[in-house]
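As structure tokens, the structure follows; a few thoughts come after it.
Rule-based calculations on the coordinates, nothing more; no lab input. Owing to the predicted nature of the structure, the values given are computational and were not obtained by experimental measurement. When we count neighbours, we look across all protein chains shown, and the Cβ atoms used for this are built from the backbone with ideal geometry, even at glycine.
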Amino acid sequence: MRDRIELQRLASNLRESLGADLQAPIDVLSLATANPNITVVFYPFENQVSGLCIKKANLIAINSRTTKGRQNFSLAHELYHYYIADSVPDLSTSPVEKEADLFATHLLIPDQTLNKLVNTMTDHKSKPLTLRNIIELEQYFKVSRQALLSRMIMDYYLSNEEAEPFRTDIIANAKLLGFDDSLYKIEPVAKTLGAYIPKAHSLKKQGMISQGKYEEYLLDAFREDLVDIKTV
């Protein structure tokens, strides 16, 4: 199993290779679709699957029946399977899945940035982190409360006991403190982004498929919003 230091390096390398800032928060969906070969499908799966990667098909699917913060982590997790993992895991408890989780937290939350922000918030650990601080951090990195607290505990910014009060009333507290709550909401939509759409358009433009087949492809990809758009 790859250790945390190596996974941190791999996360930085992926950011760099895709043209992302090494320390700033990222739009992980934009990072994924920066690769012109990848198709990302959001779908409200009924089961407990958070995401999946079919590397040979250049396909990543994310369960939209989860919060936006959770979706971001799931997508970062699946990018590990797409770019780095040597094998397809058989179980969610496999070492590869643990590697993917560690990779995801470092891809979304760079060490230096987190350390700098926490030091500023706590005056170099001379005062405790507040609920507002926790919300500011998760909003900044666009991650779920669970993902942030797990990382804060892992890096010894919080103990399990200190983290516990931050695990409840997440949406209500964010709204009461004046924060946008879209990060915590679930919108079980179906939508396809990335390579699939321009490929379908290219086939139609080259005369390889009819207008009807093109529209069928769009509907199969849950993109009825594109059916009536005039193409050239």
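Worth pointing out:
- Taking 0.36 nm per residue of separation and subtracting the Cα-Cα distance, full extension of the segment from Glu162 to Ala34 would add 42.2 nm.
- Cα-based reach from Lys185 at 20 Å (exclusive), listing aspartates and glutamates while leaving out same-chain residues under 8 positions away: Asp27, Glu46, Glu136, Glu138, Asp169
- Listed by chain and number, the lysines whose C-alpha is less than 30 Å from the C-alpha of Lys213, apart from same-chain residues fewer than 8 away, are Lys55, Lys56, Lys191, Lys199, Lys204, Lys205, Lys230.
- Lys, Arg +1 and Asp, Glu -1 on Cβ, resulting dipole of the chain about Cα centre, debye, nearest 20: 460
- Cα-based helix-to-principal-axis angle, 211-220 vs the chain, degrees rounded to 10: 30
- Calculated mean residue ellipticity at 222 nm for the chain: -14500 deg cm²/dmol, from DSSP H runs with n ≥ 4 weighted as -39500 (n - 2.57), summed, divided by the residue count and rounded to 500.
- Gap separating the Cα centres of region 140-215 and region 45-65, nearest whole Å: 13
- Going through (i) 32; (ii) 41; (iii) 20, the figure that equals percent of Cα pairs over 30 Å apart as computed for the structure here is (i).
- A simple count of charges around Ser150, restricted to other residues whose Cβ falls under 14 Å of its Cβ and scoring Lys, Arg +1 and Asp, Glu -1, yields +1.
- Taking Lys and Arg as +1 and Asp and Glu as -1, the other residues whose beta-carbon sits under 14 Å from that of Phe166 total -2.
- Sparsely packed loop sites in region 131-232 (the trypsin sites (Lys or Arg not before Pro) outside DSSP H, G, I, E and B with at most 16 other Cβ atoms within 10 Å) comprise Lys185, Lys230.
- Options Ala190, Gln211, Pro165, ranked by Cα towards positive dipole end of region 134-232, top entry (Cβ charges): Gln211
- Straight-line cross-link partners of Lys98 among the aspartates and glutamates, defined as a Cα under 19 Å from its Cα and at least 8 positions apart when in the same chain: Asp3, Glu6, Glu78, Asp86, Asp90, Asp111, Asp155.
- Cα-based shape type of region 165-232, given that a ≥ b ≥ c are square roots of the gyration tensor eigenvalues and the cut on a/c is 1.5: prolate
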